[in-house]
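Working notes for the structure below.
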Amino acid sequence: MSFVPVAETFARPRAEDSLVGWRAGAPVTWSEFRSRVAAVASRIDADAVLSCEKPLNFLAAMLALWCRQRVALVPSTLQAVSELPAAVIRDSDVESATGSCQLSLPPAAQCRMALYTSGSTGTPKRVDKTLAQLDRELENLQALWGGVLADCAVLATVPHHHIYGLLFRLLWPLAAGRPAEETTSADAVELRAAARRQGRYVLVSTPAQLDRFPGLLPLGEWQRPAIIFSSGGPLSAPTAALYRANFGAAPVEVFGSTETGGVAWRRRDGGSEEDVWQTFPGIAVGSDADGALLLDSPYLPTRSWRMDDGAALLGKGRFVLLGRLDRVVKIEGKRLSLPELEQRLQAHEWVQAACAVPLPAPRRLGVVVVPTKNGVAALERLGARAMGEALRRHLAPFFDATLLPKRFRFVAELPVSERGKLALKVLQELFA
């Protein structure tokens, strides 16, 4: 079928036996899915928190809430449901619902949801969205990659209750008429098995997971995906090069946030401009006085939205990210960009990935390092202390001596949350 905005899901005819997705190896048809939405909608009379672990149940409940002109409340994690003062819809509620009603979505701007992010302070932050905003994003995804998705199933390693997973593994497949695998396949062997069942597929993942997969299952043993999407942070150049060598192209990286939606994308090709991002259609970028990226986006409720990311503008919607402005710290009165220090470390042959962690005085700064194969050999030969001193000497030409890391920790992989983002608290605990 052709692309249909989610706002018109129930207004346009769709084949009763067309696939919405796969659950435990069994197909879920449009007829079954629509009946489930109608059953849930018949029981809704208030805004509700979506606490469905199964993605297709989550999608059915969200559409049911919108049909009844209620707000879908989406917690930052499924464990944070109790923090929101509203009725809760769980998998059991969706699967046991009986009854029916006429399904019709109100205008897209009246279909509302509130996503709660963990926020930099740890306090959940509410971000309101409308289906009108989400449909604009889907139209951009379809314009850029709809031709690839047209004959693919969608597999995902990311949760469905965050904006990236919601868009890429649920709403876009629904609008494009492509089946989505309900299982979240974070295990490389499970993912290979799912890919073999589905045939041609698109993979929705994160940098942390893509970094880890080749060590768990050689990429040569995978069924080649039609395209890989990655979001939640930058994908390292070596990891991109590894996927490019095995699959013919690097993953497509998407830059954005819960608040902004998708801002830009890139696909590292190994060339001189592989660090450059290109904005999505309809989005314009500018620069604030301190170098912060400014957005003019149809996804946002206000124009000139300031991000916490520094950027160098290259014209025609192209830019290079210079790191988070909120990751600039002062040590003994001197400013230090943590992303710059991490990038300098990652230029060393021993370092695959690095994360700088501010520490209380007198230690000031620590760095968690994931070593390369050469780095592992050096660690075994030299020991952690001597290897740390060698990395300090590597950084010395670029930074004042007071800014050099005092402590190093060497790990097999950086700890990440279910969203694929670095778990800062776990990193800090490594230095306790």
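The values are calculated or read from the model by the stated rules, or taken from the named source; none is laboratory data. The shown structure was predicted, so the numbers you read here are calculated from the model rather than taken from an experiment. Virtual Cβ from ideal backbone geometry, glycine too; neighbours counted across all protein chains shown. Ligands, DNA and RNA are stripped out before the accessible areas are found, and what is left, the full protein with its side chains, is counted by its heavy atoms. Shrake-Rupley method; radii C 1.70, N 1.55, O 1.52, S 1.80 Å.
Take the residues in region 386-404 that are among the small types (Gly, Ala, Ser) and touching a residue at least 12 places away in the same chain (Cβ under 8 Å), then tell me which one is nearest to Leu422 (Cα to Cα).
Just the residues of region 386-404 that are among the small types (Gly, Ala, Ser), to begin with: 386, 388, 390, 396, 401.
The next check asks that each one be touching a residue at least 12 places away in the same chain (Cβ under 8 Å); those that pass are 388, 390.
Details: Gly388: 22, Ala390: 25 Å.
The selected residue is Gly388.
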Review point. Is at least one residue of region 151-159 open to solvent by 10 Å² or more (accessible area, probe 1.4 Å) and either in a strand (DSSP E or B) or at pLDDT below 95 (or both)?
Key: yes
Study note, to complete from the structure: Filter region 53-104 for residues that are within 19 Å of the chain's Cα centre (by Cα) and assigned to a loop (DSSP other than H, G, I, E, B); the one that is surrounded by the fewest Cβ atoms within 10 Å (Cβ to Cβ) is Glu53
Exercise for review: Considering each residue of region 268-314, count those that are under 22 Å from Trp145 (Cβ atoms) and of a type in the set (A, V, I, L, M), and give that number.
Suggested key: 5
Exercise for review: Return the residue satisfying two criteria in turn: it lies in region 339-364 and is in contact with a Pro (Cβ under 8 Å, 6 or more places away or on another chain) and either in a strand (DSSP E or B) or modelled with pLDDT of 90 or more (or both), and of such residues it is most open to solvent (accessible area, probe 1.4 Å).
Suggested key: Gln352
Exercise for review: Report, ordered by the first and then the second residue, all pairs with beta carbons closer than 9 Å, sequence separation of six or more or different chains, a first member in region 189-211 that is more than 20 Å from Pro55 (Cβ to Cβ), and a second member that is polar (S, T, N, Q) and in a helix (DSSP H, G or I).
Suggested key: Pro207/Thr239; Leu210/Thr239; Asp211/Thr239
Revision key, fill the gap. Across (1) open to solvent by 20 Å² or more (accessible area, probe 1.4 Å); (2) free of Cβ contacts under 8 Å to residues at least 60 places away in the same chain; (3) within 29 Å of Ser257 (Cβ to Cβ); (4) not charged (D, E, K, R), Ala432 clears everything bar (3)
Exercise for review: Kindly indicate whether Glu413 is touching a residue at least 60 places away in the same chain (Cβ under 8 Å), part of a loop (DSSP other than H, G, I, E, B) and open to solvent by 50 Å² or more (accessible area, probe 1.4 Å).
Suggested key: yes
Check your understanding: Within region 212-233, how many residues turn out to be touching a strand residue (DSSP E or B) at 6+ places or on another chain (Cβ under 7 Å) and not in a strand (DSSP E or B)?
Key -> 2
Exercise for review: Hey, can you tell me all the residues within region 105-123 that are of a type outside the set (A, V, I, L, M), crowded, with 16+ Cβ neighbours inside 10 Å and either at pLDDT 95 or above or touching a His at 6+ places or on another chain (Cβ under 9 Å) (or both)?
Suggested key: Cys111, Arg112, Thr117
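Inspect all residues belonging to region 216-231 and state whether any of them is touching a Phe, Trp or Tyr at 6+ places or on another chain (Cβ under 9 Å) and within 18 Å of Leu293 (Cβ to Cβ). Walk me through it before giving the result.
Taking region 216-231 as the starting set, the residues that turn out to be touching a Phe, Trp or Tyr at 6+ places or on another chain (Cβ under 9 Å) are 219, 222-229, 231.
Retained after the next criterion (residues that are within 18 Å of Leu293 (Cβ to Cβ)): 231.
Yes, that holds for at least one residue.
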Practice item. Looking only at region 302-309, decide whether some residue is within 19 Å of the chain's Cα centre (by Cα) and farther than 20 Å from Gly233 by Cα. Key: no
Revision key, fill the gap. Note on Thr260: of the conditions (1) under 18 Å from Ala237 (Cα atoms); (2) touching a Leu at 6+ places or on another chain (Cβ under 8 Å); (3) β-branched (Val, Ile, Thr), unmet is (1)
Check your understanding: Of all residues in region 365-385 being more than 20 Å from Leu422 (Cβ to Cβ) and hydrophobic (A, V, I, L, M, F, W, C), which is least open to solvent (accessible area, probe 1.4 Å)?
Key -> Ala378
